[in-house]
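The values are calculated or read from the model by the stated rules, or taken from the named source; none is laboratory data. Everything numeric here is computed off the predicted structure, so don't read it as measured data. Note that each Cβ is placed from the backbone with ideal geometry, even for glycine, and that neighbours are counted across all protein chains shown. What goes into the accessible areas is simple: the full protein's heavy atoms, side chains included, and nothing from ligands, DNA or RNA. Shrake-Rupley method; radii C 1.70, N 1.55, O 1.52, S 1.80 Å.
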Amino acid sequence: MSPEQYVQEKAAGSGSSFYYAFLFLPAPRRAAITAFYAFCREIDDVVDETQDAGVAATKLAWWRKEAMAAFAGQPQHPVMRALMPHCPVYDIRLEHLMAVIEGCQMDLDQSRFLDYPGLQRYCHLVAGVVGEVASAIFGRSDPQTVAYAHKLGLAFQLTNIIRDVGEDAMLGRIYLPVNELQQFDVKAHEILKRTYSDRFTALMRFQAERAHRLYDEAFALLPDADRRAQKPGLMMANIYRTLLREIEHENFQVLHQRIRLTPLRKFWLAWKMQALGRM
């Protein structure tokens with residue numbers, strides 16, 4: 001299997017909403033974002049699929065060395081071999097990859113965030129930086145598009161957190177800020193035991209309203225000059241915001257299940273943005 005085949009299978013096999021947006025890109029940009037997304041999946045899988053935190057930390061350390069070796073001209077892993085030709089073309093830098101690794105390291109080092117600014121720092125690493133790189137690959141001419149990409153990445157990550165509250169609880173993780181749990185009188189043990197209450201619903205509604213504000217703020221930041229090039233990000237936003245509305249419609253029943261959109265619905269939402277420019 002070639003490095004290009006490897007990253008294609010890694011990206012397609014994830015079932016992520018991101019993959020549907022990639023389908024509409026020109027071949028060179030599609031190859032670049034597929035390789036970068038495969039790198040992000042590899043790093044994320046270290047934390048999600050490795051039960052022993054010590055083993056996971058060792059694997060992340062290996063990835064740091066591999067990233068440095070790749071930028072020194074000696075990539076070994078197929079993901080890095082597929083990614084490196086695109087790095088000078090789209091200004092993908094070592095610091096971007098290290099930020100993604102650092103964000104996943106935070107998953108190993110802490111399972112709680114005291115407040116929203118602390119959560120924002122985590123989201124910046126695992127989603128904002130990813131958005132910045134993705135926006136460069138899609139094509140941008142205005143520096144303000146970077147701010148748009150970071151804000152949209154934060155909205156995506158908060159949507160993920162809302163969707164995954166129950167799954168994360170099974171792993172002993174709660175990404176909702178501690179001071180906001182206290183504000184709504186929701187106890188950590190209630191989430192860990194996956195116990196619903198009106199207080200929990202109110203807390204989740206507060207989180208969803210914040211995410212909606214971030215989507216609106218991100219769209220307001222996107223310069224008209226880059227709107228056409230950034231369509232893939234807008235496709236993802238259409239999919240993610242529809243998911244958020246679906247979760248709201250289900251009254252935040254996220255503790256015992258993972259609410260999803262079907263692949264066909266994701267493809268339709270992506271196509272509608274591509275063809276009609278509508279969300």
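Computed values, structure above
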{"item": "Net charge dipole size for the stretch 138-279 [Lys, Arg +1 and Asp, Glu -1 on Cβ; Debye, nearest 20]", "result": "480"}
{"item": "Accessible area per residue, Å², the chain with all protein chains present, probe 1.4 Å", "result": "45"}
{"item": "Linear extension gain, GLU4 paired with PHE267, 0.36 nm per residue minus alpha-carbon span", "result": "92.4 nm"}
{"item": "Neighbour net charge for LEU243 - beta-carbon separation under 12 angstrom, K R +1, D E -1", "result": "+3"}
{"item": "Residue-by-residue Karplus 3J(HN,Hα) for the stretch 20-28, coefficients 6.51, -1.76, 1.60, Hz, glycine and proline x", "result": "5, 6, 5, 4, 9, 7, x, 3, x"}
{"item": "Rounded percent of accessible protein surface that carbon and sulfur make up, the stretch 138-248, 1.4 Å probe", "result": "49"}
{"item": "Charge dipole of the stretch 122-279 about the Cα centre (unit charges at C-beta), most positive-ward option of MET235, TYR196, ALA220", "result": "MET235"}
{"item": "Neighbourhood charge, 15 Å Cβ-Cβ cut-off, centred on PHE22 and excluding it, Lys, Arg +1 and Asp, Glu -1", "result": "+4"}
{"item": "Test item: Cα-centred dipole of the stretch 1-132, Lys/Arg +1 and Asp/Glu -1 on Cβ, debye", "result": "340"}
{"item": "Largest-first ordering by accessible area, 1.4 Å probe, given options HIS150, HIS96", "result": "HIS150, HIS96"}
{"item": "Spin-label model distance (nm) - HIS189 vs LYS65, 7 Å beyond Cα toward Cβ", "result": "4.4"}
{"item": "Dipole magnitude of the chain, debye to nearest 20 (Cβ charges: Lys/Arg +1, Asp/Glu -1, about Cα centre)", "result": "720"}
{"item": "Under the Karplus curve 6.51 cos²θ - 1.76 cosθ + 1.60, θ = phi - 60°, whole-Hz ³J(HN,Hα) for the stretch 243-249, x wherever Gly or Pro sits", "result": "4, 4, 5, 5, 5, 4, 4"}
{"item": "Cross-link pairs beyond the 32 Å C-alpha cut-off, checked among LYS59/LYS193; LYS151/LYS187; LYS65/LYS272; LYS193/LYS231; LYS65/LYS231", "result": "LYS65/LYS272; LYS193/LYS231; LYS65/LYS231"}
{"item": "Binned Cα-Cα distances of the stretch 133-279, short to long, each 5 Å bin given as a whole percent", "result": "2, 10, 18, 20, 17, 13, 10, 7, 3, 0"}
{"item": "Under the Karplus curve 6.51 cos²θ - 1.76 cosθ + 1.60, θ = phi - 60°, whole-Hz ³J(HN,Hα) for the stretch 122-136, x wherever Gly or Pro sits", "result": "4, 5, 4, 6, 8, 9, x, 5, 4, x, 4, 5, 4, 5, 5"}
{"item": "Three-way shape call for the stretch 1-63 based on the alpha-carbon gyration tensor, with the a/c threshold at 1.5", "result": "prolate"}
{"item": "Theoretical FRET efficiency, 1/(1+(r/R0)^6), r = Cβ-Cβ of GLN51 and ARG260, R0 22 Å, to 0.05", "result": "0.35"}
{"item": "Cα gyration tensor shape for the stretch 1-125, rounded if a/c is under 1.5, else prolate or oblate", "result": "prolate"}
{"item": "Answer label for Rg and Dmax of the Cα atoms in Å (calculated), chosen among (1) 22.7, 67; (2) 18.0, 62; (3) 18.5, 56", "result": "(3)"}
{"item": "Spatial separation of Cα centroids for the stretch 1-72 and the stretch 197-236, in angstrom", "result": "25"}
{"item": "Mean residue ellipticity (222 nm) of the chain, computed from DSSP H runs ≥ 4 via -39,500 (n - 2.57), nearest 500", "result": "-22500 deg cm²/dmol"}
